[in-house]
1. Which whole-percent values make up P(r) of the stretch 67-107 when all C-alpha to C-alpha distances are grouped in 10 Å steps starting at zero?
2. Over the heavy atoms of LEU137, what accessible area does a 1.4 Å probe trace out, to the nearest 10 Å²?
3. May I ask you to work out the translational diffusion coefficient for the stretch 124-179 at 25 °C, viscosity 0.890 mPa s, via Stokes-Einstein with Rh from the Kirkwood sum over Cα pairs, reported in whole µm²/s?
4. So what are the radius of gyration and Dmax for the Cα set of the stretch 228-279, in Å?
5. In Å², what does the accessible area per residue of the stretch 251-293 work out to with a 1.4 Å probe?
6. What is the Cα radius of gyration of the stretch 90-162 over 2.2 N^0.38 Å, N being its residue count?
7. Of ARG269, ARG232, ARG144, which has the most accessible area and how do the rest follow, probe 1.4 Å?
8. Could you give the distance between the Cα centres of the stretch 179-236 and the stretch 140-168, to the whole Å?
Amino acid sequence: MATTFTSSYVCGIRFTSGCRLFSRDTYRRPSRLRSPPSSLIVRASSAVAVEKLELDIQQNATVDTDIFSCPICYEPLIRKGPSGLNLRAIYRSGFKCNTCNKTYSSKDNYLDLTLTAGLKEYKEVKPPGTELFRSPLISFLYERGWRQNFDRSGFPGPDEEFEMAQRYFKPTEGGLLVDVSCGSGLFSRRFAKSKTYSGVIALDFSENMLRQCYDFIKSDISIINTNFAIVRADVSRLPFASGSVDAVHAGAALHCWPSPSNAIAEITRVLRSGGVFVGTTFLRYSPTTPWIIRPPREAFFRNNSYLVAEEIEDVCTSCGLTNYKSDIRQSFIMFTAQKP
């Protein structure tokens, strides 16, 4: 009796199943009066059961279940609940790191993947530039007057900014995009509605910004029914495996980060080879700023992570990114770089 076997790995377990139990040359059809041997029935049933298990796992498994990683050790999180990147599936799921034995869950319609998720006693306080946007008032006002004032510094407006970013993201079409420091989801919503990407993750450290993000999209079927997730995380400790993200966007964010170099290094880590990073921020001063104005701006903005164009390029290239480009208008800069 000849048997051909195939081996496969499913969820880390090796299964071996028979693809063909008998050869035509050796198998004789049993007489009608005799029953097949019991050992044959057991072996055939086992092969069918294993094949069915493999088929069921393959049908239920999706790429989405491995998107998130533990922000402590970066090992993939194990999900208990429905698969999928959409808001409903993630809200109904629980996540656990088997290495750190730490669990994560959704709260107020966002998934909390910060280092402090679930802690009862310890409360982490960030620098003023970060804490400001955790305020309920600022979160409410961000798209209701606050962001509109950016045009005074040269920002071209959300629509044009989005189109500019889309041109830089052209090589990543069809991939996963993470909008870090997304705020109330001003650009996250645009990326999702463009249907350019396989999935969009709106990520911010501010709980209130993420609540505003959900309020804006909860009645928008064009986003609710797509691969769109809302995640709370620290940009300097992104909850993704290395080389797992195709595109990262950071709109008007770099000047709010406690350490721009740590954040860009982390963004570089999670980007795939060929992945693209696009960001906008306020410059401490631009190349066209009169020399007489530069000293007071230098003194005022130096301690608030406001950089100059040369510093942004320097930190991007020192973190391993290449093909750096930028567009500067007054104090506004949009810059992009690519992971080799």
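1. Per 10 Å bin, starting at zero, the Cα-Cα P(r) for the stretch 67-107 comes out as 33, 55, 13 percent.
2. Roughly 110 Å² of LEU137 is accessible to a 1.4 Å probe.
3. Here the translational diffusion coefficient equals 177 µm²/s.
4. Just the Cα atoms of the stretch 228-279 yield Rg and Dmax of 10.6, 28 Å.
5. For the stretch 251-293, the per-residue accessible area is 36 Å².
6. 1.55
7. Greatest to least solvent exposure: ARG144, ARG269, ARG232.
8. Answer, in whole Å: 16.
The values are calculated or read from the model by the stated rules, or taken from the named source; none is laboratory data. Remember, it's a predicted structure, so these values are computed and weren't measured experimentally. Ligands, DNA and RNA are excluded from the accessible area calculation, which covers all protein heavy atoms including side chains. Shrake-Rupley method; radii C 1.70, N 1.55, O 1.52, S 1.80 Å.
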